[in-house]
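Have a look at the structure below, then the notes.
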Amino acid sequence: VDSVTISPSSGVVGDTLTCSGSASDADGDAPSLSYAWTNTTAGSSIGTDAALTLVASQVSPADTLTCTVTATDDVGATDSASATASVTNTDPVLESVTVSPSTGAVGDELTCTASFSDEDGGEPDISYVWSDGSEASTYTIVESDDPGDTITCTATAEDDDGGTVSGSASATVDNTDP
């Protein structure tokens, strides 16, 4: 095998990596090429085509992937060479952030809910911070919250590999009857 390359040299879940190899034979034969992809971090075989689409069930961020190209000539003689690529992290994706109810008066409890997904297959940890700095999924409107004030909740998702994304939603303080 004269050369092996992988393009691109790194990818995220959902990307396709392509392994290319070239070989020559001293006898003038045109050797056939076969491909074998291995997740060397996990120690598993993950493909036998030149192209490999990265799926969460086979790869994780920080994994090293190896493509081995084997050239076989007309008499069955073989030679192999390899190249490596890496899997990088995909940040979580914000699907929604809501505060309910959307309005409230002193004493009412607001609830912040958020949904996120992560292409890498993990379940992100979600944290909530309200505009007063408190950290919880709920907030109780207090007397110092004036009618017309906007109470904002910022939800942040962090995946197992340190990727983050945030989003916000708000509610408005109503007048409280005397």
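The values are calculated or read from the model by the stated rules, or taken from the named source; none is laboratory data. Please read all numbers here as calculations on a predicted model, not as lab measurements. Cβ atoms come from the backbone with ideal geometry, glycine included; neighbour counts cover every protein chain shown. Accessible surface areas use protein heavy atoms only, side chains included; no ligands, DNA or RNA. Shrake-Rupley method; radii C 1.70, N 1.55, O 1.52, S 1.80 Å.
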Q) Taking the DSSP beta bridges in the range 1-158 as the whole, what percent of them are antiparallel, to the nearest 5? A) 95 percent
**Q.** Given charges at Cβ of Lys, Arg, Asp, Glu: the chain dipole, positive-most of ALA114, TRP130, ILE46
**A.** ILE46
**Q.** Assigned charges on the beta-carbon of Lys, Arg, Asp, Glu; the range 52-178 dipole about Cα centre (debye)
**A.** 260 debye
Q: Springs between alpha-carbon atoms under 10 Å, Gaussian network over the chain: tell me which of SER166, SER24, SER137 tops the mean-square fluctuations.
A: SER24
Q: Determine the equivalent ellipsoid of the chain by diagonalising the alpha-carbon gyration tensor, then write out the semi-axes as square roots of 5 times the eigenvalues, largest first, rounded to whole Å.
A: 58, 11, 10
Q | Heavy-atom surface of the chain, accessible at 1.4 Å and reported per residue (Å²) | A | 51 Å²
Q) Roughly what percent of Cα-Cα pairs across the range 125-172 reach past 14 Å? A) 51 percent
Q) Which percent of the accessible area of the chain is formed by carbon and sulfur heavy atoms (probe 1.4 angstrom)? A) 44 percent
Q. Hey, any idea what Rg/Rh is for the range 67-139, computing Rh the Kirkwood way over Cα pairs?
A. 1.49
**Q.** Debye log10 I(q)/I(0) at q = 0.12, 0.21, 0.24 Å⁻¹ for the range 1-70, Cα point scatterers
**A.** -0.33, -0.83, -1.03
**Q.** Where GluC sites (Glu not before Pro) in DSSP loops with at most 14 other Cβ within 10 Å are excluded, longest remaining stretch of the chain
**A.** 1-134
